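The values are calculated or read from the model by the stated rules, or taken from the named source; none is laboratory data. Only a predicted model underlies this, so the values are computations on that prediction, with no experimental measurement involved. Counting neighbours? That spans all protein chains shown, and the Cβs are built from the backbone with ideal geometry, glycine included.
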Amino acid sequence: MEFIVSAPGVAEDFAAALSPELNAENVAMDKAMAVCRLYPDDPALGADTVVVLGGRVIGKPADAADAERMLLSLSGREHRVVTGFAIAHIGLGLYLKSNVISRVRFGKIPMAEIKEYVAGGEPLDKAGAYAIQGGAAKWIEGYSGSYTNIMGLPMEAVREAFSRLGLDIFPERD
């Protein structure tokens, strides 16, 4: 199976009246539909990940100073990682939206480490300004839920959703 990665240029805007879960699902569907319009005979997957801390949604940082503020706010606290994902296939009339929630617990992060991490550039395009699979791994005291969700795409749930739609696009594992 050949996959095409396409950045559809969809705005990641959230409606204040909706939950983080529904907002992430809606943005994911907007992304999937934008790609579907380019490839109507193929399924498209869209996803959007946000961090939720104390009811406040934390998306991607606007700049380095914003990334530092985000990481400082996460330091020593637990937060939720919400990924909305959507699968659309215009040709077959198939549409599915869902979300996965994981929890992540950060230890206290020294400000000098935050500045060094941000200066390396890794957090600037990540929800919550960190990558669990990258340099931020050393600050994680624990997590519950899907590790791949925290990375940004809950592969277990995505695979199951494609299968539920009868679109078994992933090869069987040995």
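Residue pairs whose Cβ atoms lie under 9 Å apart, sitting 6 or more positions apart in sequence or on different chains, and linking a residue in the range 108-135 that is surrounded by 15 or more Cβ atoms within 10 Å (Cβ to Cβ) and part of a helix (DSSP H, G or I) to a partner that is modelled with pLDDT under 95 and of a type in the set (Lys, Arg), are PRO123/LYS60; LEU124/LYS60; ALA127/LYS60; GLY128/LYS60; ALA129/LYS60.
On the stretch given as the range 27-43, residues that are of a type in the set (A, V, I, L, M) and in contact with a His (Cβ under 7 Å, 6 or more places away or on another chain) total 0. For ALA65, state whether it is in a helix (DSSP H, G or I) and either among the basic types (Lys, Arg) or more than 16 Å from the chain's Cα centre (by Cα) (or both). Yes; evaluated as a whole, the condition is true for this residue.
Return yes or no: is ASP63 surrounded by fewer than 20 Cβ atoms within 10 Å (Cβ to Cβ) and in contact with a Gly (Cβ under 8 Å, 6 or more places away or on another chain)? So ASP63 does not fit the description; no. Of the residues making up the range 30-73, those that are of a type in the set (Gly, Ala, Ser), closer than 30 Å to ALA112 by Cβ and at pLDDT 90 or above are GLY54, ALA62, ALA64, ALA65, ALA67, SER73.
Listed here are the residues, each with its yes/no results for (1) farther than 30 Å from TRP139 by Cα; (2) buried (at least 16 other Cβ atoms within 10 Å of the Cβ).
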{"residue": "ALA16", "(1), (2)": "yes, no"}
{"residue": "ALA24", "(1), (2)": "no, yes"}
{"residue": "VAL27", "(1), (2)": "no, yes"}
{"residue": "LYS31", "(1), (2)": "yes, yes"}
{"residue": "CYS36", "(1), (2)": "yes, yes"}
{"residue": "PRO43", "(1), (2)": "yes, yes"}
{"residue": "VAL51", "(1), (2)": "no, yes"}
{"residue": "GLY55", "(1), (2)": "no, no"}
{"residue": "GLY76", "(1), (2)": "no, no"}
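The residue that is modelled with the lowest pLDDT, among those in the range 148-168 that are surrounded by 15 or more Cβ atoms within 10 Å (Cβ to Cβ) and over 15 Å from GLY84 (Cα atoms), is LEU167. A Cβ distance below 8 Å, combined with a sequence gap of six or more or placement on separate chains, defines the contacts here; from the range 146-165, residues that are within 16 Å of LYS97 (Cα to Cα) and assigned to a loop (DSSP other than H, G, I, E, B) reach residues that are at pLDDT 90 or above and among the basic types (Lys, Arg) in the pairs GLY152/LYS126. When ASP41, ASP30 are checked against the criterion of being more than 14 Å from ALA127 (Cα to Cα), acidic (Asp, Glu) and not in a loop (DSSP other than H, G, I, E, B), a single residue qualifies: ASP30.
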